[in-house]
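Heads up, the thing below is written out as structure tokens.
The values are calculated or read from the model by the stated rules, or taken from the named source; none is laboratory data. On a predicted model such as this, the values are computed, not experimentally measured, just so you know. Neighbour counts run over all protein chains shown; Cβ positions are idealised from the backbone, glycine included.
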Amino acid sequence: MRISERDALRELAAQHAALRDQIARCEELADELDAGRIEAAQLLAAVSELRLAFDAHNRFEERLLRPILLDRGPGALRALRVARMARDHTEEHRAMRRGLEPTTSSQLRDALDSLSAHLDAEERSFVTPKILRDDAAR
């Protein structure tokens, strides 16, 4: 059974909120590590949990991205454009995932900033209240 677009977007929004909570937790722990108040193992465990959640989110999103985009765009070249967009999006996910294997807290902060910016961009493009309202009106 195919999930409705509205349900998919609501799930993506919930996943984004959970990822943001984990990003904030990793940032807090990075601050604690830099201040010498915790051991690196605590931060590494939180980053590992974030990677797992990000991987699960990506699998869900990548499975849904193409059908959602195909349903939205007019034009004869839509399928080609959507295929390129989906491929680029998947590559961006892979690059961010690699970034979540840092060796310094500075690298981790850069990766967390990149992930937050990516979530912001997705929310502007897909997971917005207007889109959810428009879908509900159909």
| field | region 33-54 residues that are free of Cβ contacts under 8 Å to residues at least 12 places away in the same chain, paired with ones that are assigned to a helix (DSSP H, G or I) (beta carbon under 8 Å, 6 or more apart) | value | I38/L29; I38/E32; E39/L33; A40/L33
| query | Does region 33-43 include one or more residues that are touching a helix residue (DSSP H, G or I) at 6+ places or on another chain (Cβ under 7 Å) and assigned to a loop (DSSP other than H, G, I, E, B)? | reply | yes
| remark: Residue pairs qualifying under the 9 Å Cβ cut-off, at least six apart or on distinct chains, with the first in region 96-116 being touching a residue at least 24 places away in the same chain (Cβ under 8 Å) and the second being aromatic (F, W, Y), are M96/F54; R97/F54; L100/F54; L115/F54
| query | Does R2 count as loosely packed, with under 15 Cβ neighbours inside 10 Å, at pLDDT 95 or above and not in a helix (DSSP H, G or I)? | reply | no
| remark: Residue count, region 5-30, condition more than 16 Å from L108 (Cβ to Cβ) and without any contact (Cβ under 8 Å) to a residue 12 or more places away in the chain, comes to 4
| query | Got a sec? Which of L33, L19, L29, L12 is buried (at least 18 other Cβ atoms within 10 Å of the Cβ), hydrophobic (A, V, I, L, M, F, W, C) and over 23 Å from the mean Cα position of the chain (by Cα)? | reply | L33
| Condition check for R72: at pLDDT below 65 and of a type in the set (D, E, K, R) | yes
